[in-house]
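Sending over a structure as structure tokens; questions will come in a sec.
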Amino acid sequence: MEQENKASFTHTVTSQEDGLMLHQVLRRQYRFSRRFMTRMKLNRLVTVNGEFIYFTARVKAGDQIVIRMQTEETDHIPPQPVDFTVVYEDEDLIVIDKPPGLVVHPTRGYPDGTLANGLMQYWSERGEKHRMRPVTRLDRDTSGLLVVGKHAYAHAFLAEQMAEKRYERVYLACTHHRFASDRGTIDKAIYIDSEQKISRTVSESGEGYPAVTHYEVVERMAAATLVRLSLETGRTHQIRLHLASIGHPIIGDDVYGTGGDQDLIARQALHATYLKLFHPRRKEWMAWESPLPADMQQLVERLRQSDSRS
């Protein structure tokens with residue numbers, strides 16, 4: 001039996017929109033891309049007062065526009081029980097607090113046991129069908145908040161926020177050495193090292209993809225710093241690369257760090273602690289926070305104890 005799709009949108013035409021063409025109202029209210037508008041038109045997903053009309057037809061105040069999101073087939077990702085925490089969920093999106101050690105999407109090296117497998121299981125148990133549409137991604141050993149769109153429009157709407165830098169993401173990291181300044185900005189381009197399949201490289205000349213990270217010191221210890229970071233861009237490994245480039249690699253980072261941190265923490269000490277976005281349906285800002293996970297709390301305590309003994 002086909003799943004009932006609850007992700008429909010309803011809009012009553014306002015007096016300010018009286019006389020506009022249907023596609024103008026849709027673009028104005030929902031910021032639909034041209035590609036998405038074409039898809040809705042071809043699949044007859046939009047009605048006005050219960051009838052299908054041309055997108056160039058003019059609407060009048062009080063008209064009821066209903067946009068129906070298509071029911072989708074799920075990805076070919078097998079459902080599997082996977083441990084993660086759902087922080088928030090509605091018909092448009094789901095916010096997850098990802099534990100460290102969990103890959104977001106299947107890869108050649110990690111074909112199963114990923115967050116995507118876990119979400120397929122989670123939705124299947126609730127009688128829902130969705131594709132895996134992560135708006136933000138976290139490295140396997142980075143913990144914290146990420147958001148997944150539950151249909152194509154929600155994903156496109158949130159992805160556009162990211163592209164326009166209207167999306168807030170804040171991270172906490174424990175780094176080697178004491179920061180000299182309380183706050184600052186790292187503005188260094190990033191490019192892929194052709195000789196390395198995994199690692200990226202910071203470009204001092206500006207060659208590569210622009211990347212900007214802002215930092216603020218939370219706490220200084222004898223030989224380490226707890227720092228808060230916010231992003232203007234979202235390049236792969238951006239925080240890890242930027243911190244290493246200024247002499248403060250993240251503790252536990254075995255790719256860009258100094259190595260030898262296994263006795264302190266089993267992964268890079270990086271956590272996505274805060275997420276703020278403009279909701280595609282509610283048309284309001286929503287925010288979530290995630291405290292430091294246990295392994296990073298223990299790391300900070302050990303660093304404080306080392307500080308008190310020095």
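Those residues that are in contact with a Gly (Cβ under 9 Å, 6 or more places away or on another chain) and either crowded, with 20+ Cβ neighbours inside 10 Å or at pLDDT below 90 (or both), I need them from segment 254-264; list them, please.
Scanning segment 254-264 gives Asp261, Gln262.
Right, here's the next one. Out of the residues in segment 112-139 that are in contact (Cβ under 8 Å) with a residue 60 or more places away in the chain and farther than 28 Å from Arg31 by Cα, which is surrounded by the fewest Cβ atoms within 10 Å (Cβ to Cβ)?
That would be Gly127.
Within segment 276-283, is even one residue of a type in the set (D, E, K, R), under 18 Å from Arg178 (Cβ atoms) and either touching a residue at least 24 places away in the same chain (Cβ under 8 Å) or out of contact with any strand residue (DSSP E or B) (no Cβ under 9 Å at 6 or more places or on another chain) (or both)?
no
Is it true that some residue in segment 12-23 is more than 25 Å from Phe278 (Cβ to Cβ) and assigned by TED's automatic domain parsing to the domain that holds Thr142?
No - not one qualifying residue is present in segment 12-23.
Every residue, every condition in (1) surrounded by 14 or more Cβ atoms within 10 Å (Cβ to Cβ); (2) of a type in the set (A, V, I, L, M), yes or no:
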position	(1), (2)
Val13	yes, yes
Met21	yes, yes
Thr38	no, no
Ile53	yes, yes
Val104	yes, yes
Tyr110	yes, no
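For the subset of segment 179-199 comprising residues that are charged (D, E, K, R) and modelled with pLDDT under 95, which member is farthest from the chain's Cα centre (by Cα)?
Result: Glu195.
Output the number of the condition that Gln80 fails; it satisfies all remaining conditions of (1) part of a loop (DSSP other than H, G, I, E, B); (2) polar (S, T, N, Q); (3) modelled with pLDDT under 95.
In the conditions (1) part of a loop (DSSP other than H, G, I, E, B); (2) polar (S, T, N, Q); (3) modelled with pLDDT under 95, Gln80 misses (3) alone.
Please indicate, with yes or no, whether at least one residue in segment 265-286 is surrounded by 11 or more Cβ atoms within 10 Å (Cβ to Cβ), among the basic types (Lys, Arg) and either at pLDDT below 90 or within 30 Å of Asp92 (Cα to Cα) (or both).
Yes, because at least one residue in segment 265-286 is surrounded by 11 or more Cβ atoms within 10 Å (Cβ to Cβ), among the basic types (Lys, Arg) and either at pLDDT below 90 or within 30 Å of Asp92 (Cα to Cα) (or both).
Taking the options Leu102, Leu22, name whichever one is more than 30 Å from Leu292 (Cβ to Cβ) and of a type outside the set (Lys, Arg).
Exactly one residue qualifies, and that residue is Leu22.
Between Thr85, Thr142, which is touching a strand residue (DSSP E or B) at 6+ places or on another chain (Cβ under 7 Å), surrounded by 22 or more Cβ atoms within 10 Å (Cβ to Cβ) and closer than 27 Å to Pro293 by Cα?
Thr142
Turning to a different aspect of this structure: Name the single residue, out of those in segment 149-196 being touching a Lys or Arg at 6+ places or on another chain (Cβ under 8 Å), among the hydroxyl-bearing types (Ser, Thr, Tyr) and part of a strand (DSSP E or B), that is surrounded by the most Cβ atoms within 10 Å (Cβ to Cβ).
Once the filter is applied, the top-ranked residue is Tyr171.
Right, another one. Take segment 124-148 and flag every residue that is of a type in the set (D, E, K, R) and assigned to a loop (DSSP other than H, G, I, E, B).
Within segment 124-148, Arg126, Glu128, Lys129, Arg131, Arg137, Asp139, Arg140, Asp141 meet the criteria.
I would also like to ask the following. Which one is modelled with the highest pLDDT, of the residues in segment 229-242 that are under 14 Å from Val170 (Cβ atoms) and buried (at least 17 other Cβ atoms within 10 Å of the Cβ)?
Leu229
I need the full set of residues from segment 124-140 which are more than 23 Å from Glu160 (Cα to Cα) and under 19 Å from the mean Cα position of the chain (by Cα), in order please.
Result: Arg140, single match.
Another question, then. Could you list all residues from segment 32-64 that are in contact with a helix residue (DSSP H, G or I) (Cβ under 6 Å, 6 or more places away or on another chain) and among the β-branched types (Val, Ile, Thr)?
Passing the criteria: Val46, Val59.
Also: Among the residues of segment 69-79, are any exposed (fewer than 15 other Cβ atoms within 10 Å of the Cβ), over 24 Å from the mean Cα position of the chain (by Cα) and farther than 30 Å from Leu172 by Cβ?
Looking through segment 69-79, none of the residues is exposed (fewer than 15 other Cβ atoms within 10 Å of the Cβ), over 24 Å from the mean Cα position of the chain (by Cα) and farther than 30 Å from Leu172 by Cβ.
The values are calculated or read from the model by the stated rules, or taken from the named source; none is laboratory data. Every value quoted in this text rests on a predicted model; they were computed, and no experiment measured them. No Cβ is skipped: glycine too gets one built from the backbone with ideal geometry, and neighbour counts run over all protein chains shown.
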